[in-house]
């Protein structure tokens, strides 16, 4: 595994601090208020999570292709979902469904003591695993498996679950892996549009809050 130099992490030109600062200002203007989230996004090298040919676009507020019909999420959406995830207090553990290239995982790893992340596409799982190791983010445990079934160890319970793929029905096994009082942030497809939801597990029920429209790839079964 290669070691990343500080200059690679810092970036130059369209990946430099000045370009990142413009993105952070735009996120503030769009309503992101959690300064800790903004600081982590500013310091995380998004350009290292995309193809080198797209690195000059890494700090645009847009989703970008990462291959395998998947995308790296728009920075605003990453910030918004992370902000919602932290809103009721810092969790001790987060389960992420859909590692993708590992960018959202890297953001979470700098804000949460322990992150568990599932990716169904083997090549993306390997890429994310390598990149997170290169960035020395060691508080992440990755699995190559079907996210619909939740974390493979059924005894695990999580304070938060974050899904980066849209579903029409929340997988039952996932919901059951929330701690009491735990929250799930996810894009929900109602057949007409996708909406960002926060689902909170109560003693004998689940409470749902609805936020803004979003656009995500669908949650698919199986592995590849």
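FYI, it's all coordinate maths here, none of it is from the lab. Remember, predicted model here, so these are calculated numbers, not experimental data. When we count neighbours, we look across all protein chains shown, and the Cβ atoms used for this are built from the backbone with ideal geometry, even at glycine.
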Exercise. What FRET efficiency comes out for the pair residue 212/residue 18, r = Cβ-Cβ distance, R0 = 41 Å, nearest 0.05?
Worked result: 0.90
For this session: Would you mind ranking 71, 105, 145 by Cβ crowding within 10 Å, fewest neighbours first?
Result: 145, 71, 105
Exercise. Alpha carbon centre of the stretch 203-218 versus the stretch 51-105: separation in Å?
Worked result: 17 Å
Exercise. By count of other Cβ within 10 Å, fewest leading, how are 82, 15 ordered?
Worked result: 15, 82
For this session: Please work out which option in [x] 53, 38, 34; [y] 68, 40, 29; [z] 47, 37, 34 gives Cα extents along the principal axes in Å calculated from these coordinates, and answer with its label.
Result: [x]
Problem set entry | Stokes-Einstein D in µm²/s, Kirkwood radius over Cα pairs - the stretch 80-158 at 20 °C with 1.002 mPa s viscosity | 169 µm²/s
For this session: Using DSSP, restrict attention to beta bridges with both residues in the chain and report what percent are antiparallel, rounded to the nearest 5.
Result: 45 percent
Exercise. If each residue's Cβ is checked for other Cβ atoms within 10 Å, how do 144, 56 rank with the fewest at the top?
Worked result: 56, 144
